[in-house]
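The values are calculated or read from the model by the stated rules, or taken from the named source; none is laboratory data. This structure is a prediction, so every number in the text was calculated from the model and none was measured. When we count neighbours, we look across all protein chains shown, and the Cβ atoms used for this are built from the backbone with ideal geometry, even at glycine. Please note that ligands, DNA and RNA were not included when accessible areas were found on the heavy atoms of the full protein model with its side chains. Shrake-Rupley method; radii C 1.70, N 1.55, O 1.52, S 1.80 Å.
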Amino acid sequence: MLEVDVAVIGGGAAGLAAAIKAAENSKVILLDRNDELGGVLPQCIHDGFGNFIFKKMLTGPEYTQFFIDKIEDLPVDVKLETTVIDIKKDKRIIAISREGLLEIQAKAVVLAMGCRERTRNQILIPGYRPAGIYTAGTAQRLINIDGILPGRRVVILGSGDIGLIMARRFKLEGAEVIGVYEIQSSPNGLPRNIVQCLEDYNIPLHLSHTVVNIHGLKRVEGVTVAKVDGNLQPIKGTEQFIPCDTLILAVGLIPENELSKEIGIPIDTVTGGPFVDNYMETMIPGFFACGNVVQVYDLVDDVTLTGEIAGRYASFYAKGILNQTRRIPVFRGRGIDRVVPQFIREDSKDVTLYLRVKNIIRDAKIYVRDPNDNIIYETKRRIVKPAVMEKIRFTLKGFYGNLTVGVER
Amino acid sequence: MKITCIKCPLSCSIDIKKEEGGLKIEGYECEVGRRYAIEEMEKPMRILTTTVAVKKGIHPVLPVRTEKEIPKNLLFDAIEILSNIIVEAPIQYGDIVYRNICGTGVNVIASRDIKRI
Ligand SMILES: Cc1cc2nc3c(=O)[nH]c(=O)nc-3n(C[C@H](O)[C@H](O)[C@H](O)COP(=O)(O)OP(=O)(O)OC[C@H]3O[C@@H](n4cnc5c(N)ncnc54)[C@H](O)[C@@H]3O)c2cc1C
Ligand code: SF4
């Protein structure tokens, strides 16, 4: 059995940052089931990464390369093609690798498994199961890593950034992109991607539309789309058949927490990831989590930052120098859909919270209140939108008790 | 023409027209947006990212990018050129894959290392 201070599960942006940080003062192992490091980044070949950390717009592979070069210079034990299948509460890790079963005893564990894509089963489109239906991430991998174009006439369901990016990608590779269909009445992706991925290439975006049926026995031959009403229900009589050979599902991401659940780590049903404090420690001591396994972050820069925090404190925990203090809960107040971290350590000073609002608000005020309704921090935004994650930072001056975050005009 | 400003989350919808005596611009809320609208009308620029074929590499394709932005109307010409390029591994991050694409003076570079098999 291998013995280490810190075991990091997953070698994407989050796990890489955690392993690099933890290696500053402890013995680290990094496990990933892929055959190379970087998680989803090597397949995200578009530019748009690292604006905050590197102050320039890098492509996904470029962003990863920096961390891969860094980790190769460190004594981190990187094990690829190694899938973790079980983690015990005492931090014994069981993985399958090419060499067979691997057992590792760690003192602290960092969970960095990222997220997976929602599939057709989770959104319930009727019809047969012909070939030609891909999640956006799978299609992205086929085109950008394996060099395979999986279709010629493409319909995209979902206007999140991944759907938009893939619309452009198919177009550049010579496929016909018939349109992007979005069930909501406003697009999910960044305006930058609406402009540079759709408008630049004359790809139509159909809001308040969804796919109601998939046709074809062996291969997709077309889809039926329909307009939806205010309750997102298809409106009878608006159905339209669209011939295509490929349907791309870009319908959302879910944190990958099968392992976390088996360990018994409490999961926040709102984010789909473990409850964490501002040291990225979960509710079970010595288990840390970072990146998209905690919640789906907008920006990789923030994923990297959470990884560094998790890595640092995991190594402190492993060395026995992490103070166990009380945690103050952070509640979702008015207008707030989610907040991460959900707890703050009482001995913290500078605190960063990530939040999503429920509605679009112009000239918004985001505030943090103590239990007596005193405002301890306040900041203004010209606009806040559900599609854009907000980040606030403030300093704790003493003990407050529970905190509540809210937003108003 | 209508332009959605992408420079901040406000996403102002800007109307820009050529008129006698100059440009008529409406709907922007700051100078950054005004300048963006003019640039988008006169000479929109974009980064191009795509892949090129690789021989003897651990992957069959290499992600590449234009080092800087190139004029938007050259994107498809550039793609056409790059779809005919084949490079041979090993490749190093930053290697120049194609010089002076479409006469823009901008090089196309490798986004990552690709080891040779
Ligand atoms: C298409 C797309 C476009 C994006 N565009 C942008 C953008 O323009 N700008 C930006 O800032 N961000 C963007 N992002 C977001 C950014 O890429 C992610 O937030 C970030 O890369 C997530 O990193 P991660 O480490 O949390 O997860 P991942 O990259 O998913 O890494 C998780 C890793 O864990 C491994 N793993 C999982 N389970 C196990 C197990 N049981 N055993 C072993 N290994 C396991 C996986 O193999 C994977 O390598 C985009 C994301 C996507 C998908
Ligand atoms: S015009 Fe100014 S305020 Fe409006 S979106 Fe552009 S940058 Fe933002």
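Given (1) in contact with a strand residue (DSSP E or B) (Cβ under 9 Å, 6 or more places away or on another chain); (2) open to solvent by 20 Å² or more (accessible area, probe 1.4 Å), identify the lone condition not met by A:N231.
Only one criterion in (1) in contact with a strand residue (DSSP E or B) (Cβ under 9 Å, 6 or more places away or on another chain); (2) open to solvent by 20 Å² or more (accessible area, probe 1.4 Å) is unmet by A:N231, namely (1).
Tell me the residue from A:S185, A:S97 that is out of contact with any Leu (no Cβ under 7 Å at 6 or more places or on another chain) and hydroxyl-bearing (S, T, Y), please.
A:S97
So A:I133 ticks every box in (1) more than 20 Å from the chain's Cα centre (by Cα); (2) within 28 Å of A:G264 (Cβ to Cβ); (3) in contact (Cβ under 8 Å) with a residue 60 or more places away in the chain; (4) crowded, with 17+ Cβ neighbours inside 10 Å but one. Which box is left unticked?
Against the list (1) more than 20 Å from the chain's Cα centre (by Cα); (2) within 28 Å of A:G264 (Cβ to Cβ); (3) in contact (Cβ under 8 Å) with a residue 60 or more places away in the chain; (4) crowded, with 17+ Cβ neighbours inside 10 Å, A:I133 comes up short only on (2).
Of the residues A:D90, A:D77, A:D32, which is open to solvent by 60 Å² or more (accessible area, probe 1.4 Å) and acidic (D, E)?
That would be A:D90, the only listed residue that is open to solvent by 60 Å² or more (accessible area, probe 1.4 Å) and acidic (D, E).
Looking for something open to solvent by 40 Å² or more (accessible area, probe 1.4 Å) and within 11 Å of chain A (Cβ to nearest Cβ) - is there at least one such residue anywhere in the range B:105-114?
yes
So in the range B:1-56, with the set limited to residues that are small (G, A, S) and in a loop (DSSP other than H, G, I, E, B), which one is farthest from ligand 1 (Cβ to nearest atom)?
Among those that are small (G, A, S) and in a loop (DSSP other than H, G, I, E, B), it is B:G21.
Can you name every residue in the range A:156-192 that is assigned to a helix (DSSP H, G or I) and more than 9 Å from chain B (Cβ to nearest Cβ)?
Passing the criteria: A:D161, A:I162, A:G163, A:L164, A:I165, A:M166, A:A167, A:R168, A:F170, A:K171.
Could you look through the range A:382-409, keep only residues that are open to solvent by 60 Å² or more (accessible area, probe 1.4 Å) and among the charged types (D, E, K, R), and pick out the one that is nearest to A:G158 (Cα to Cα)?
Within the range A:382-409, the match that is nearest to A:G158 (Cα to Cα) is A:K391.
Just checking, does the range A:276-284 include any residue being assigned by TED's automatic domain parsing to the domain that holds A:K88, surrounded by 23 or more Cβ atoms within 10 Å (Cβ to Cβ), in contact with a helix residue (DSSP H, G or I) (Cβ under 7 Å, 6 or more places away or on another chain) and not aromatic (F, W, Y)?
yes
Return yes or no: is A:L58 touching a strand residue (DSSP E or B) at 6+ places or on another chain (Cβ under 8 Å) and in contact (Cβ under 8 Å) with a residue 40 or more places away in the chain?
No, not satisfied.
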